[in-house]
Amino acid sequence: MKAPCAQAAAWLLSLAVLAGAAGPATSYRLPENVPPDIGAWFWESLDDFKPGEYKEFIDRVAEHSPFRVLTTSQRVPKEVTDAEVHELVKAAAAYARQRGLVVAYDLDIRLARAAFHKQYPHEMQEMLRIREADLSAAGETRVAVPSAGGPQDHMTWGSKASYYAMSGRLARVYSYVRGADGIEPETVRDITSLCRIGEASAKQVIVNIPPDKTAAGRKAAAMAAFAHFSPDVFAPHLLEFQRTIFAAYKDAPLGGAMKDEWGFPASSDAIGNDFWFSRHRAEDYARRTGGRDLVRDCLRMFAAERGGAGRRVAAIDSFVEQAWQRNAEIEADYYRATKETFGPAAFVGTHPTWIGAALGKQELNKNGWDWWAVRRDFGQTDEETPYCCRTALAKKWGGAVWYNQWYADPKRISTYTRQLWESALGGGRLNYHPLYPPLMRSVPATTPLLRGELMRGQCRVRLLNFISKTTLDCPVAVVFGHPAATNWAGPFFNDSGARLAGRLWGAGFPADLIPSYEIAQGALEVSGDGSVRYGPQRYAAVVLYHPDFEKPSAAGFWKRAAAGGKTALYRVGNWTTSFDGTPLDGNAALPPQMTALGPDEFQVMLAVVAALRERRLAPSYQCKGLSGRCRLVDGTEVAVAADQEHAAGLPIRTAIPIRGGSVQVDAEGIAAVRLDKDGKLEALAAGGLKSFRAGASTIDLPERSDVALWRDEAGKWHGVLQAGAGPVPRPLAALGADWLRLAVPPPCPP
């Protein structure tokens with residue numbers, strides 16, 4: 001699979017063109033064809049809109065950080081469609097380019113909600129809420145359905161308004177009898193036309209239900225739809241309106257665009273009685289499902305019905321699939337719009353993840369767990385997203401790294417150091433979010449990150465960007481059944497297999513976590529050599545985790561994988577029901593070579609690790625504190641040494657195992673080496689390098705230097721020297737390489 005960004009294929013080969021003479025370093029920033037250093041920038045106050053105010057931040061970053069890309073968004077009571085905002089973005093982007101930086105601005109439609117509402121007032125997002133009451137035979141039954149109020153997230157803080165409820169309407173009222181096994185389906189009646197609406201406002205919908213002489217044991221479900229101040233995810237004009245925003249900014253010298261935590265408005269983790277809804281979504285649902293009524297299916301999703309378990313499973317599966325696919329469609333168009341507007345090399349950030357610490361209920365409500373289907377330049381995540389997800393996204397979208405946006409409050413500033421070095425061990429880099437909440441308004445929230453040794457450590461880690469072709473080698477994939485994990489009517493709801501993947505990481509065999517929908521997407525495939533492959537990663541073992549509710553067509557993939565014979569296959573959980581809720585002997589449809597394992601995650605980990613060792617695979621990952629070792633897919637071996645007090649790194653004086661032998665390195669912070677098939681040096685990156693020995697290759701430097709070296713396909717050497725002055729040291733100059741000199745930014749003064 002090719003990397004999506006146009007320049008990705010040429011990262012390593014074209015550096016010679018950009019590499020200048022070995023004179024003094026003149027730039028803190030990486031060349032444009034190397035994965036960039038990234039910082040986040042937020043306009044959080046109306047003061048930020050004063051003429052020239054942006055210069056202070058840009059100057060500080062330009063002079064005291066290595067950042068080349070600034071993922072930038074506004075948190076103010078203005079919209080991106082405002083002329084004032086447009087002019088400021090143009091000016092700030094132009095000034096940033098003068099200082100060697102590019103701005104990837106947030107052109108998300110959520111930052112133009114008022115403009116969208118003015119143009120398309122009937123295409124706002126609705127939430128369908130259900131409230132149940134016992135019916136009365138003697139008098140009216142009054143049911144009040146309150147709105148959800150005004151949900152908020154990072155797109156509303158400091159802006160014009162929350163996603164407040166704008167209006168309410170009655171969608172439907174059903175009456176029925178509930179028995180021990182759930183709703184009695186033959187008793188379900190649509191009584192909407194019999195009801196009297198007492199109130200229909202943004203605050204609540206009140207329904208008065210007439211008395212029912214058969215009311216003994218009967219209940220009613222009042223279903224109200226509240227329109228919120230946010231474009232409907234299924235709005236017919238959403239993509240068209242989004243494109244008008246891009247068209248308006250075509251004259252701005254932006255280096256890309258960002259889209260952050262897209263999805264339905266933020267909501268609670270309540271499952272089964274609040275549904276993001278709209279007439280447009282109902283129409284799309286009917287098209288997808290052969291004419292099924294979404295409102296009626298919401299009642300099925302709300303409460304079990306006797307004998308209707310299959311219909312309930314099918315409704316939830318279809319509802320969730322509809323959510324992740326539509327959200328991914330919107331993200332894909334945003335990606336295309338960025339490239340078409342600002343050029344194929346434009347950067348698309350940031351992350352589709354929201355509450356990334358776990359694939360939980362809130363994430364499900366927001367985006368349907370769509371992360372793997374959301375196209376970005378590089379895999380991009382945030383906060384505590386599990387590493388198994390970060391590495392999988394890196395494989396999906398190509399490139400040599402993934403990025404994780406990290407923030408902390410001033411009391412936890414040391415966590416940036418932890419994230420920097422732990423990410424390097426996991427094949428990733430940071431997008432530096434400012435401290436939140438900031439220390440004080442007079443001290444910009446990014447400034448403390450530019451003091452001390454943190455940026456020095458960042459500059460050492462980035463040396464890997466020159467020599468790495470691929471990210472972390474993960475010999476195992478945990479392919480989790482997305483329908484089983486997201487269906488609240490099933491026994492495996494909210495279990496993505498991330499804990500199992502984490503156990504494998506702890507055993508030294510990192511695992512990628514991949515949803516089963518990637519099979520139908522064609523991203524998870526059986527490669528020509530017979531192994532299961534995801535991007536550049538070929539797996540020695542794959543665990544199919546909870547296949548229940550999968551579509552029958554998935555069985556064909558696993559049969560092909562078994563026939564390939566290169567990947568050991570395992571299954572956890574039975575496959576008894578299809579995606580459409582019909583009974584299925586899925587276990588029999590899977591290949592006999594797939595070993596069934598019990599539910600205990602520890603025992604599953606032991607079985608997989610034993611199989612890997614039988615194949616003579618040694619652990620490829622080791623992490624203790626902020627130090628350890630790892631291997632990349634391209635064979636690069638990486639050693640890291642740091643701690644919380646030494647953000648620039650600690651001494652590395654060790655032998656690094658590689659290809660059955662070892663190399664000797666004396667460096668600081670980070671050391672990475674790759675040998676070719678003949679055992680000759682192919683690439684080397686090291687912070688504070690003093691000496692290196694690998695067979696006949698020997699480097700002894702008079703002074704420690706940050707160095708990156710690699711041979712291109714023609715065998716010619718290219719190199720980077722970072723920090724220091726004077727001529728290229730003789731042992732390096734003897735290689736006859738083209739050299740690029742980089743400077744390290746000085747720390748920001750206290």
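Worth pointing out:
- With the simple model of a label 7 Å out from the Cα in the direction of the Cβ, ALA270 to ASP529 spans 5.3 nm.
- Nitroxide proxy distance, nm - points 7 Å out along Cα→Cβ at THR415 and ASP600: 3.5 nm
- The range 482-511 versus the range 290-326: alpha-carbon centroid distance in Å: 23 Å
- Computing FRET efficiency as 1/(1 + (r/R0)^6) for SER201 and ASP47, where r is the C-beta to C-beta distance and R0 is 41 Å, gives about 0.65.
- Here the range 617-664 and the range 575-616 have alpha carbon centers that stand 33 Å from each other.
- Paramagnetic reach from LYS250 in the range 98-132 [backbone N under 14 Å; point 7 Å along Cα→Cβ]: none
- Cα gyration tensor shape for the range 621-742, rounded if a/c is under 1.5, else prolate or oblate: oblate
- Members of LYS469/LYS551; LYS396/LYS551; LYS396/LYS716; LYS259/LYS396; LYS55/LYS469; LYS90/LYS339 lying beyond 24 Å, as alpha-carbon distances in this model show: LYS469/LYS551; LYS396/LYS716; LYS55/LYS469
- Here the calculated FRET efficiency for GLU329 and ALA304, from their Cβ-Cβ distance with R0 = 41 Å, stands at 0.85, rounded to the nearest 0.05.
- Between GLU614 and ARG99, the distance separating the two model label sites (each 7 Å from Cα on the Cα→Cβ line) works out to 5.9 nm.
- Cα gyration tensor shape for the range 507-568, rounded if a/c is under 1.5, else prolate or oblate: oblate
- Rel. contact order, % - alpha carbon contacts under 8 angstrom, at least six apart, the chain: 13 percent
- Rounded tilt (10° steps) of 309-342 against the dominant C-alpha axis of the chain: 40 degrees
- Positive contributions from Lys and Arg (+1) and negative ones from Asp and Glu (-1), summed over other residues with Cβ under 9 Å from the Cβ of GLY481, come out at -2.
- DSSP beta bridges in the chain [antiparallel fraction, %, rounded to 5]: 65 percent
- Theoretical FRET efficiency, 1/(1+(r/R0)^6), r = Cβ-Cβ of ASP59 and GLN644, R0 30 Å, to 0.05: 0.50
- Three-way shape call for the range 476-614 based on the alpha-carbon gyration tensor, with the a/c threshold at 1.5: oblate
- If you take all other residues with their beta carbon under 9 Å from the beta carbon of THR141, and give Lys and Arg +1 and Asp and Glu -1, the sum is -2.
- Computed from Cα positions, the angle between helix 238-248 and the longest principal axis of the chain comes to roughly 40 degrees.
- Across the chain, the longest run free of exposed loop sites, meaning GluC sites (Glu not before Pro) lying outside DSSP classes H, G, I, E and B with no more than 11 other Cβ atoms within 10 Å, spans 1-644.
- Our estimate of slack between ASP82 and GLN622, defined as 0.36 nm per intervening residue step minus the Cα-Cα distance, is 189.3 nm.
- The C-alpha atoms of the chain define a longest principal axis, and helix 83-98 lies at about 20 degrees to it.
- Between ASP712 and ARG287, full extension at 0.36 nm per residue minus the direct alpha carbon distance yields a gain of 147.8 nm.
- Size of the chain: Rg and Dmax of its alpha carbons, in Å, are 28.0, 99.
Quick note: the coordinates plus some simple rules give every number you see, no bench work behind them. Computed from a prediction, not measured in an experiment: that's the story for all the values here. Heads up, the Cβs are rebuilt from the backbone with ideal geometry, glycines too, and the neighbour counts pull from every protein chain shown.
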